[in-house]
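What follows is a short report on a single structure.
Each value in this text was obtained by applying a stated rule to the coordinates, not by laboratory testing. What you see is a predicted model; the values in this text were computed from it and never measured. We place every Cβ from the backbone using ideal geometry, glycine too, and count neighbours over all the protein chains shown.
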Amino acid sequence: MALAPGILLALICALTANLAFFFKYRGANASPKVDIRHPLASAKALFSSGWFSLGMAIAFGSWALHVGALALAPMSVVQVVLAAGVVLIAVMADRMFGFKVGRRQWLGLWLTAAGLATLGLTVPAMHGVHSHFSPVAMISFEAGLFGLGGLLIVGPRVGGPTKHHGIMLAAASGVLFGVSDTAIKALTGIFGAHGLLALALSPWLAVAAAASIVAFYASARALQVGEAVPVIAVTGTAANIAGITSGIVVFGDPMPGTVVGVVLQSLAFLVLVLAAALMPAPLRSAGLAPEAV
């Protein structure tokens, strides 16, 4: 199967990304409050935690796997495979990190997995890496996601519920990771067609970097003010939805060719919204206190 290497990389990426998030959660909660007005000081404080640094090192390896997967398979295929890691979040939280996962979270995670799996099953068969894109569609899509991410970050200041700020920041970081993933997918096509110089001069390189930086701070703060399982799940789900959508809108990945397929995809998105609503229920750590490596 031509897409098998990309799918394998995406599966490994899903596992390592979850592991990285849990280590970063420990580190972020052992660090001072992230303050975007002092980005360098906040970053220094975060990386002074051994747990956070370990999580970021694993996250960097996961990111490299993700880039490799995007270079070898269509965007929507990669994101659907990454979604398989959602179910692993609760298992890892319970068995490896000592978190008590409530029934609402289990239900939310299974609904998330079901919704994302349905999206995957309704994606028509594709050949090739689908890295060509329309500049107009790319600019419109990326600008829209940047705006959405910004609104989620400032949510409480514009009337959003303060008690769900952690989830809103998690969704913002996921959306912005989706911006970065979309730009990276475009860059893989630019590199393949025109070489390293064209990639280095592409404005999408700056977009990917800017989105990643903002997502880094939003994600770190979300891990500080939210509970681990909901924050990690919502971050990953938002990134996956953004990636699947960009595959269709920007890179021309095909839509279902039947009415049944379209209906199933619509229901899948509704299930994902319901799953996200279930996530913010209270969680308590089972004896897990942040500690230094």
Self-check item: Proxy reagent accessibility, fewest Cβ within 10 Å first, across TYR217, TYR25
Solution: TYR217, TYR25
Practice problem: Can you tell me the FRET efficiency between LEU201 and ILE12 if r is taken as the Cβ-Cβ distance and R0 is 45 Å, rounded to the nearest 0.05? | Solution: 0.90
Quiz item: When Lys and Arg each count +1 and Asp and Glu each count -1, what net charge do the other residues less than 14 Å away from SER173, Cβ to Cβ, add up to?
Solution: +1
Exercise. List ILE36, ILE58, ILE12 from most exposed to least, where exposure is judged by having the fewest other Cβ atoms within 10 Å.
Key: ILE36, ILE12, ILE58
Quiz item: For SER266 and ALA43 in the same chain, what is the full-extension length gain: residue separation times 0.36 nm, less their Cα-Cα distance, in nm?
Solution: 76.3 nm
Practice problem: Add +1 for every Lys or Arg and -1 for every Asp or Glu among the other residues with Cβ under 14 Å from the Cβ of LYS185, and state the total. | Solution: -3
Self-check item: Total formal charge among the other residues, if their Cβ is under 15 angstrom from that of VAL154, Lys/Arg +1 and Asp/Glu -1
Solution: +2
Quiz prompt | Computed magnitude of the charge dipole of region 4-281 (debye, nearest 20; Cβ of K, R +1, Cβ of D, E -1) | solution = 760 debye
